[in-house]
Amino acid sequence: MEAESVLVTGANRGIGLEFVRQLVTLPKPPKYIFATYRDRNKIEILKQLRDTCKKTLILLIKMDVTNAEQIENARYLIEDLVRDKGLNLLINNAGVYIRQSIPDTTEENMLLHFTTNTVAPVMVLKATLPLLQQAASHEPPRMNVSKAVVLNISSLGGSIQYKTNNFPRGKLHGFSYQISKAALNMAMKSISLAVEGQDILIVNMCPGWVKTDMGRNAAELEVSESVSAMMDTVSRLNQSHHGAFIDRYGEPIPY
């Protein structure tokens, strides 16, 4: 996998942090990694990675994905470094998951999930689209991670077809989260059609059930396992995956 510049949202913990960690250990690591975070008090590991990394410039950027001004400021910082080469890979990872089941779900809970998990990734993509277009404009015409890719971290829970009568009732505590991921899938599918022909590859990917603050310790996968599989799949993405919803191995998931 070769991408000169990568933006990872929510990079100070969990899946986002592991992406940064594994990206810098690639045989040919990115020249730039833009790692965003929300809380300055929770970036010690990111700082250590930045300070010890010799081949990659890791730029830590304070950016709440729900804050339009911070998103725009981040875009300027990225643009200043990548210039006419553009941005090769956007990993829309930042998200929220607060357990609340039916019938206890509140409007506040639903709006929080929708704002963070659906609207925010679209706004981040919108802000960085000119940089992705710049990267995609270089020859040769193709669709892969060396050119311009948007990887959206989604969830199997966002699959409407997956919600059959056999769906575990115990998992309905993620009601708002699942709805927000279904909306994210639809949003990115629509965007994939809007950018058709521009060599910008849009993909939604489920990382599996991962042992993070969100997935909790009962989850099936270590963070390193999930991200390793996703990295391998990202390296193999091509035109056939444009607008797809896939698992970490690249297998299709029904919308």
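Observations on the structure shown:
- Note on the chain: with a GNM built from Cα contacts shorter than 10 Å, the maximum mean-square fluctuation among N88, N217, N12 falls on N217.
- Per residue, the solvent-accessible area of segment 130-255 (1.4 Å probe, heavy atoms of protein chains only, all protein chains present) comes to 46 Å².
- Alpha carbon centroid spacing (whole Å) that separates segment 136-155 from segment 31-46: 23 Å
- Our estimate of slack between E225 and Q70, defined as 0.36 nm per intervening residue step minus the Cα-Cα distance, is 52.6 nm.
- Considering only the chain, percent of DSSP beta bridges that pair antiparallel, nearest 5: 5 percent
- Residue-wise HN-Hα coupling along segment 182-188, computed from phi with Karplus coefficients 6.51, -1.76, 1.60 (Hz; x: Gly, Pro): 5, 5, 4, 4, 5, 4, 6
- Accessible area of the chain belonging to carbon and sulfur atoms, whole % at 1.4 Å probe: 52 percent
- A crude spin-label estimate for the pair L81 and S190, with each label 7 Å from Cα along the Cβ direction, gives 3.2 nm.
- Note on segment 1-96: Lys pairs 8 or more places apart or on different chains, Cα atoms under 15 Å apart, count 7.
- Ordering of 239-251, 41-53, 144-156 by burial proxy (mean other Cβ atoms within 10 Å per residue, highest first): 144-156, 239-251, 41-53
- Each other residue within a Cβ distance under 14 Å of S154 adds +1 if Lys or Arg and -1 if Asp or Glu, for a net charge of +1.
- The heavy atoms of Y76 offer some 120 square angstrom of accessible surface to a 1.4 angstrom probe.
- Contour minus Cα-Cα distance for Q133 and D51 (0.36 nm per residue): 26.4 nm
- In the context of the full set of protein chains, residues of segment 4-110 present 53 Å² of accessible surface per residue (probe radius 1.4 Å, heavy atoms only).
- Between K62 and N41, the modelled labels are 1.3 nm apart [label points 7 Å from Cα along Cα→Cβ].
- Near G250, once Lys and Arg are set to +1 and Asp and Glu to -1 for all other residues with Cβ below 13 Å from its Cβ, the sum equals -1.
- Fluctuation leader among P207, P103, P30 - the chain, Gaussian network, Cα springs under 10 angstrom: P103
- Computed from Cα atoms, the angle from the helix 223-235 axis to the main principal axis of the chain rounds to 60 degrees.
The values are calculated or read from the model by the stated rules, or taken from the named source; none is laboratory data. Being a predicted model, the structure only gives us computed values, none of them experimental. Here the Cβ is made from the backbone with ideal geometry for all residues, glycine too, and neighbour counts use every protein chain on show. All accessible areas refer to the heavy atoms of the entire protein, side chains included, with ligands and DNA or RNA removed. Shrake-Rupley method; radii C 1.70, N 1.55, O 1.52, S 1.80 Å.
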